[in-house]
Amino acid sequence: MRFGLMAIVLLFAAAVACSGDNDRAPTPTLFPQLEASPGPTSVPPELPTPCTEASGVIVPCERQEMPGSMAWLVDARDGSVIQVFEGVEDVIRYAGFDGDEAVLGIRDAAASEYRLEVHRYNLDGGEEGVEPWAQIPRDATASEYRWLQTWYPGDPLCSRAEGGIEVEGRFYAGAECGPLSPDGTWMIYRVDAGKLEVSPFGELPAWDEWLVNLESGERHELQTGLGQCNADSIFGPTWSPSSRYVFFGDCADGGHIFLGDVEDGSARVIVDDIPSFRNMPDWAGDTEAIIYPDGNGGAVLEYLDEGTAFDPGVVWPARFGAAGRVLYGATPESDEAMPETLIFDIETGESETFPGEALYRRWPIELVSVAGTPTGLIAVLPGPLYCQGLQIYVDGTPLVCIDAGAAPSFSPDGRYVALAQRTGDFEGDGIYDLVVVEVATGRQQVVIRDVRSEIPYPRPAAWNEASTHIIVGSPYQYGPYGP
C-alpha cells in the first residue's frame, strides 16, 4: 500500500487574478468562482456523536485501549456510529460495500493456514451472515485485488488443480488463477515458463501471459517470456472498466508495462520501465481513457476508443480523480518550495492550477485527492501557509482546513468528504479520528475516535454507492507481505 509517513509541507498562498475587456463575454473556467469571501476558514470540529453498539447499547466515543480489531458502520447523514465487529485474534483485511451490504474480509491470525471469511452487515448494523471468501468485492482496489488473488484462490469460478487450474470445469495446464474482467467474461492468467535472467535481480521465475474467455473457453496468448520482479511493490494486471483492455508488467530487459486488447488478443508496450507503483497507469472512471508515464518525466493521456493520445501538461506521477472526470498532477514548474497541482478536465480540455502538492505524489495508489462529483469539483491538498493540514477546495474556492488531515475519501454524490485526522501513536502505529465534512457548509463532525493504522497512513474510508454510509476497520493492514 507501503505508505511512508508524509510530512505536511508549509506552502505559500497563491492569489490568481483574472481580467478582460468589459465588452467581451468572460471566458468560461473549469472551476466557477463563488462570490468573494474573506478567505478560507477553519471550522472547529463538533463533539463526537455517541457510538451505538450492534446490541443497541449507547456508549461514548472515548479514548480507549487498543483491542485486536474493530469495525464501525457510520451513517454520514447524522454521524451515528454502530460498532459491528471486534476480535482479539482476528485481522481485518478488507472493508467495503457490496450493494447495500457492508462487507468485512477477516482473517483469524491464530489459524495455521491463510483463510479469509466474509462478514456481511445490513445498514442497521445487523450481521447478515458469515461465509468463506467467495469473490473479490467489485470496489476492491488494485492492490487489494493483487493480494487477494495471490494469497487466496479468489473467485469460485477458478480453482487450483494438480498441474494447473480449473475454470468452470475446463482444465488449463500450468496456469494460475488471475484477475477477472469487471463483466466476468475474461480472466488474465499466467503460465509457468521456467526461469529467466532478470537484471539486477538474477535468475527469477518467468511466465507467459494469457487470456481465457470464460463463456467460450477461447484463449489468447498476450505475451511470452515475462520476468518476475523481485519486489513487493509491483502491481498485478488491472482491467479497464469496460473489460476490453488490461495492463500488466514484467521486469525482463529493464522492465515493461503492456496494454492488452481482448478483441484481437494483442498486447503492446506503453511504458519501458519497471512496473512499480510509481509507474502504475490509471483508468478514468467508466471511460476508455488511460494515463501513463511518457518516460521523460511527463504523462500521456490516451483515449483508446478514439485512438488519440497527447500530453495533458502534468508531470508524472499523475492520477485520475474519483469518478474519472479529471486528472491531476504537479505542474512542470512545481517544486518543494512552491508546489502546484494542475487539474485537467478530460471532457472539456480546460485546466486550472492550485497551490499544494497532491497527496498521491509519493504513494499514488489509494490517496486520491481530487474528485469530479455531481455537486462540483472537490480538491483536497496539503494546505498553503495558513493551513497546517489539508485544504479542501470546492469548485476552486477554499472551503475549510483540516489540521493534521490525511487519507481523504469522497462520497459518490459529492456531499461529503471523510478524512483521517492524526491524534497520536500507539506502539508505533498511527492513531486517527475519522472526520466527516459536509461539502455544502464546511461543517465537520468527528464520528469515530482512535482508528488505528499499522501503516503511517490509514486506508481512505469506503463509501456505499448511495453516499449514506462508511465502513471503517481498525487496525488496517496489508499483506501478508504488503503489495
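Can you tell me which residue in segment 296-329 is surrounded by the most Cβ atoms within 10 Å (Cβ to Cβ), limited to those that are within 28 Å of residue 263 (Cα to Cα) and among the hydroxyl-bearing types (Ser, Thr, Tyr)? Checking each candidate, the answer is 303. A single entry from 229, 251 fulfils the requirement of being crowded, with 21+ Cβ neighbours inside 10 Å, of a type outside the set (Lys, Arg) and under 26 Å from residue 164 (Cβ atoms): 251. Does residue 328 satisfy being over 19 Å from residue 222 (Cβ atoms) and under 18 Å from the mean Cα position of the chain (by Cα)? Here the answer is yes, as residue 328 does meet what is asked.
Could you run through segment 271-296 and say how many residues are in a loop (DSSP other than H, G, I, E, B) and of a type outside the set (Ser, Thr, Tyr)? Outline the logic, then answer.
So the first thing to find is which residues in segment 271-296 are in a loop (DSSP other than H, G, I, E, B), and the list is 272-275, 280-281, 284-288, 294-296.
When the remaining residues are screened for being of a type outside the set (Ser, Thr, Tyr), the result is 272-275, 280-281, 284-286, 288, 294-296.
Qualifying residue count for the region: 13.
Out of all the residues in segment 226-236, is one or more under 19 Å from the mean Cα position of the chain (by Cα) and within 24 Å of residue 303 (Cβ to Cβ)?
Restricting attention to segment 226-236, the residues satisfying the condition of being under 19 Å from the mean Cα position of the chain (by Cα) are 232-236.
The next check asks that each one be within 24 Å of residue 303 (Cβ to Cβ); those that pass are 235.
Checking segment 226-236: at least one residue is under 19 Å from the mean Cα position of the chain (by Cα) and within 24 Å of residue 303 (Cβ to Cβ).
Kindly indicate whether residue 193 is touching a strand residue (DSSP E or B) at 6+ places or on another chain (Cβ under 8 Å), surrounded by fewer than 21 Cβ atoms within 10 Å (Cβ to Cβ) and under 15 Å from residue 248 (Cβ atoms). Yes.
Is there a residue in segment 369-378 that is surrounded by fewer than 23 Cβ atoms within 10 Å (Cβ to Cβ), in contact with an Asp or Glu (Cβ under 6 Å, 6 or more places away or on another chain), in a strand (DSSP E or B) and modelled with pLDDT under 80? Scanning segment 369-378 turns up at least one residue that is surrounded by fewer than 23 Cβ atoms within 10 Å (Cβ to Cβ), in contact with an Asp or Glu (Cβ under 6 Å, 6 or more places away or on another chain), in a strand (DSSP E or B) and modelled with pLDDT under 80.
A search for C-beta distances below 9 Å between a residue of segment 251-270 that is among the aromatic types (Phe, Trp, Tyr) and any residue that is surrounded by fewer than 17 Cβ atoms within 10 Å (Cβ to Cβ), counting only pairs 6+ apart in sequence or on different chains, returns 258/268; 258/269. For segment 427-437, state whether one or more residues are in a loop (DSSP other than H, G, I, E, B), farther than 21 Å from residue 388 by Cα and out of contact with any strand residue (DSSP E or B) (no Cβ under 7 Å at 6 or more places or on another chain). Within segment 427-437, one or more residues are in a loop (DSSP other than H, G, I, E, B), farther than 21 Å from residue 388 by Cα and out of contact with any strand residue (DSSP E or B) (no Cβ under 7 Å at 6 or more places or on another chain). Annotation note: of 290, 257, the sole residue that is farther than 21 Å from residue 220 by Cα and in contact with a strand residue (DSSP E or B) (Cβ under 9 Å, 6 or more places away or on another chain) is 290.
Only one of the listed residues (472, 446) is crowded, with 24+ Cβ neighbours inside 10 Å and either under 26 Å from residue 101 (Cβ atoms) or at pLDDT 90 or above (or both). That residue is 472.
Hey, does segment 390-397 have a residue that's out of contact with any Ser or Thr (no Cβ under 7 Å at 6 or more places or on another chain), at pLDDT 90 or above, outside any strand (DSSP E or B) and of a type in the set (A, V, I, L, M)? Taking every residue of segment 390-397 in turn, none turns out to be out of contact with any Ser or Thr (no Cβ under 7 Å at 6 or more places or on another chain), at pLDDT 90 or above, outside any strand (DSSP E or B) and of a type in the set (A, V, I, L, M). When the test is whether a residue is modelled with pLDDT of 90 or more and surrounded by fewer than 18 Cβ atoms within 10 Å (Cβ to Cβ), residue 423 does not pass it. Pairing each residue of segment 99-126 that is assigned to a loop (DSSP other than H, G, I, E, B) and surrounded by fewer than 15 Cβ atoms within 10 Å (Cβ to Cβ) with any residue that is of a type in the set (Val, Ile, Thr) and at pLDDT below 90, provided the two are 6+ apart or on different chains, yields C-beta distances under 7 Å for 109/91. In segment 115-137, the residue that is farthest from residue 322 (Cα to Cα) out of those that are touching a Phe, Trp or Tyr at 6+ places or on another chain (Cβ under 9 Å) and at pLDDT below 50 is 136. Scanning segment 297-310 for residues that are in a loop (DSSP other than H, G, I, E, B) and either among the hydrophobic types (A, V, I, L, M, F, W, C) or closer than 20 Å to residue 329 by Cα (or both) turns up 297, 304.
The values are calculated or read from the model by the stated rules, or taken from the named source; none is laboratory data. Quick caveat, the model's predicted, so the values are computed rather than measured. Cβ sites come from the backbone with ideal geometry, for glycine too, and all protein chains shown count toward neighbours.
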